[in-house]
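The values are calculated or read from the model by the stated rules, or taken from the named source; none is laboratory data. This structure is a prediction, so every number in the text was calculated from the model and none was measured. Because the Cβ atoms are built from the backbone with ideal geometry, glycine has one as well, and the counts that use them run over all protein chains shown. The protein model used for the area step is the full one, side chains on, heavy atoms only, and it has no ligands, DNA or RNA in it. Shrake-Rupley method; radii C 1.70, N 1.55, O 1.52, S 1.80 Å.
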Amino acid sequence: MNNKARSFFGERPLPQIEVDPQVLRRRTRRDVLLFGAGALAALAGARSLLPHALRIDDDVAELLYSPHRTVPTYTKSEITPLKNNYNGATPDPSYIPGWHLTLDGLASRVSVVLDIRNLMTRFSIHEQITRLVCVEGWSAIAWWAGLRFDDLLRAYPPASQAKWVRVESSVNLDSSGNPDPYYVSVDLATARHPQTLLATHFNGQSLTVEHGAPLRLLVPLKLGLKNVKAITKLTYVAGEPRDYWAERGYSSYDGI
């Protein structure tokens, strides 16, 4: 290659261009705004797809569910600390003396109201040491005791068409201490699982307010957000009921 060709294909110094600083600032600000708008649009598109992805995840989890699958159990030496993880503020214990559990959607078509004495004297108490898994990424091994949900279902059968139970706590509070009823959907197959308890005791003692006194749902096959504290009402229905976190864009099945 001759010198002329080399000079043609060789590197050339970039031309120097002077730009008014005010013009540069305006263009930079415009580009940032355009990039931000594009990023928000992309995020909005991703969020619109999220509910569809969660529904697919729920459908797969339900197909894989088996009443014979159990979570591991542990020994007392393996128990770890369990923090108070109320969704909002911890309720004042003044609700406990007047606490009762209401059952609706029964085959009898009559509502039933039970207090903690009814539950403790009528039903056998079962113990288990299982891991509670939180959606926030932590877990804890704890010793629980209570009646099996399945025993309650047998004693007070739901209507024949019922496939779901809405589990509700009317004493739940938001982070500012205002009433914020908490409710989740649980399929009856999960409610009947042998490891699903209506817990009355924690680590050998009666439940404290921090852990859902006097009665909480313990369902080890579900994430912690399904394990409702201070249950006040169970309603059996045919279709999937409203769910606190599903209404806020999260999964409704929440299996592990």
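If the condition is being assigned to a helix (DSSP H, G or I), open to solvent by 30 Å² or more (accessible area, probe 1.4 Å) and touching a residue at least 12 places away in the same chain (Cβ under 8 Å), then segment 101-124 contributes I116, M120, R122.
Of everything listed in (1) of a type in the set (D, E, K, R); (2) farther than 17 Å from A199 by Cβ; (3) open to solvent by less than 80 Å² (accessible area, probe 1.4 Å), the single unmet condition for R69 is (3). The selection criterion, being modelled with pLDDT under 95 and either farther than 15 Å from L188 by Cα or touching a strand residue (DSSP E or B) at 6+ places or on another chain (Cβ under 8 Å) (or both), holds for S252. Tell me, please, whether a residue that is open to solvent by 30 Å² or more (accessible area, probe 1.4 Å), among the aliphatic types (A, V, I, L, M) and in contact (Cβ under 8 Å) with a residue 40 or more places away in the chain can be found in segment 183-201. Among the residues of segment 183-201, at least one is open to solvent by 30 Å² or more (accessible area, probe 1.4 Å), among the aliphatic types (A, V, I, L, M) and in contact (Cβ under 8 Å) with a residue 40 or more places away in the chain, which makes the answer yes.
Of all residues in segment 205-256, those satisfying the criterion of being open to solvent by 40 Å² or more (accessible area, probe 1.4 Å) and in a loop (DSSP other than H, G, I, E, B) are T208, A238, G239, E240, R242, W245, Y250, I256.
G98 fulfils the conditions (1) closer than 30 Å to S160 by Cβ; (2) open to solvent by 50 Å² or more (accessible area, probe 1.4 Å) except for a single criterion, (1).
Scanning segment 125-181 for residues that are small (G, A, S) and either in a strand (DSSP E or B) or buried (at least 19 other Cβ atoms within 10 Å of the Cβ) (or both) gives S139, A140, A142, A145, G146, S169. If the condition is being within 27 Å of V237 (Cβ to Cβ), of a type outside the set (F, W, Y) and either out of contact with any helix residue (DSSP H, G or I) (no Cβ under 8 Å at 6 or more places or on another chain) or not in a loop (DSSP other than H, G, I, E, B) (or both), then segment 82-100 contributes G88, G98, H100.
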